[in-house]
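*Asks:* I have a structure here, written as structure tokens, and I will follow up with some questions on it.
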Amino acid sequence: MSAGQLSAEAVAGRAVEPGLQATGLTKSYGGVCAVNDASVTFHHGRVNALIGPNGSGKTTFFNCATGMIRPDSGQVTYRGRDITRWAPHRVAAAGIGRSFQLCRVFPRMTVLENVLVAARARSLRTLLGGAYDRELVDRARGWLARVGLDHVEALEARNLSYGQQKLLELAGVLMADPETILLDEPAGGVNPALIGRIGTLVRELNAEGKTFLIVEHNMEMVMSLSDHVVVFDRGRPIAEGPPWSVQADPRVLEAYLGV
């Protein structure tokens, strides 16, 4: 991090605490290097964004960080703890939750059941058998109310709009109570009203102590929500800092616009 970035944080009166970090992270598929010796730090307690042109390695970075794929080399740490080759369930247990670029829900289960199966404390078999305790159900309904889906809890998830399915996936992530939430294109394919709802949720949850790392192409959403923005190009970070400085960075303009 540059001295200028540290000064900006100091002026704002907010100490920087490292959260998810990568050092020399590399992942190739055949002859294509998706993440290329990337070293980057995301700030704990903040709304972070990871942006970049299509094919710049953002989702591959997410997958390496959450144990979905194994990097070829390099290290991933979370709050100082090496999680590089942990399985996804261990990463989740460490306090990291995530959504996916292509929304993942159980289409023939009800909205409420989709949130219940995300609870760590219960096995899928138990939940599918209908053995729900009242506290668990109340917590699930609380998250559905929070994302605005409590009125459709009895519907099968396949009957929701795509934007509603995105909100349902987020409710499932929150049900596991992670301290850090990775969102992969939460605004993709979502109408403006629901994008606004997602943005409001992110702001509220961050104020309540949740850390966010968001991959997103909707620049209006990124710039209005984020405290810290990292820009990837060709598998590695080329710029980082507060939104206003990243927007004006000539390296970012070149990566996006070729100017």
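*Asks:* Round to the nearest 10 and give me the degree value, 0 to 90, for the angle of helix 192-207's Cα axis relative to the longest principal axis of the chain.
*Replies:* Approximately 80 degrees, to the nearest 10.
*Asks:* Further question on the same structure: Only Cα pairs under 8 Å and at least 6 apart count here; give the relative contact order of region 13-91 as a rounded whole percent.
*Replies:* Reported relative contact order: 33 percent.
*Asks:* Given a Förster distance of 35 angstrom, what is the FRET efficiency for Val32 paired with Arg108, based on the Cβ-Cβ distance and rounded to 0.05?
*Replies:* Efficiency at R0 = 35 Å is approximately 0.45.
*Asks:* So between Ser73 and Asp249, what do we pick up on full extension, going 0.36 nm a residue minus the alpha carbon distance?
*Replies:* Full extension from Ser73 to Asp249 adds 60.4 nm.
*Asks:* How large is the charge dipole for region 32-171, taken about the Cα centre, if only the Cβ atoms of Lys, Arg (+1) and Asp, Glu (-1) carry charge, to the nearest 20 debye?
*Replies:* 200
*Asks:* Region 132-193 to region 49-122: how many Å between their Cα centroids?
*Replies:* Cα centres, region 132-193 to region 49-122: 16 Å.
*Asks:* OK, next. Considering Cα pairs under 8 angstrom that are at least six residues apart, work out the relative contact order of the chain and quote it in whole percent.
*Replies:* The normalised contact order for the chain reaches 26 percent.
*Asks:* Another one. If you average 1/r across every pair of different Cα atoms in the chain and take the reciprocal, what Kirkwood value do you get, in Å?
*Replies:* The answer is 19.0 Å.
*Asks:* Next question, about the same structure. Using a Förster radius of 41 Å, what is the FRET efficiency between Met219 and Val137 based on their Cβ-Cβ separation? Nearest 0.05, please.
*Replies:* 0.55
*Asks:* Between Glu17 and His89, what is the label-point separation in nm under the 7 Å Cα-to-beta-carbon projection?
*Replies:* With each label placed 7 Å out from Cα toward Cβ, I get 2.9 nm.
Each value in this text was obtained by applying a stated rule to the coordinates, not by laboratory testing. The model shown is predicted, which means the values in this text are computed figures rather than measured ones. Cβ sites come from the backbone with ideal geometry, for glycine too, and all protein chains shown count toward neighbours.
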